[in-house]
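Undergrad: Dropping the structure in here first, questions after.
Nothing in this text is a laboratory measurement; each read-out follows from the coordinates by a stated rule. Bear in mind the structure is a predicted one, so any value in this text is a computation, not a measurement. Cβ placement follows ideal geometry from the backbone for every residue including glycine, while neighbour counts extend to all protein chains displayed.
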């Protein structure tokens, strides 16, 4: 599901890193948005809307909407479309508005 070749954009990849998504070990490339390896693994639902519990996925990809808010390393409301991936991150779907721990 990854775009590997593009006529205009160049994709620079960092080193391969491991992270956890809802208890599942996953891999991605350091520095890429967290949403990229999730999308590549077929994870299309990143959260559910607060009011109607409707699934939300990758939408704007520039950090302007709230469709990709997730909990990252215990921090709620992280926009995973722009948050760089790092080794060992723990990523979870956020429930509601998120809670600080």
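Undergrad: Determine, at each q value in 0.16 (inverse angstroms), the log₁₀ of I(q)/I(0) that the Debye formula gives when each Cα of segment 16-93 is one equal point scatterer.
TA: The Cα Debye sum returns log10 ratios of -0.50.
Undergrad: To make sure I understand, if each residue's beta carbon is the centre and we count other beta carbons within 10 Å, what order do 30, 83 fall in, fewest to most?
TA: Fewest to most other Cβ atoms nearby, the residues stand as 30, 83.
Undergrad: Nearest 500 deg cm²/dmol is fine: what mean residue ellipticity at 222 nm does the chain get from its DSSP H runs of n ≥ 4 alone, each adding -39,500 (n - 2.57), divided by its residue count?
TA: -1500 deg cm²/dmol
Undergrad: Spin-label point model (7 Å from Cα, Cβ direction): what's the residue 16 to residue 30 distance in nm?
TA: 1.5 nm
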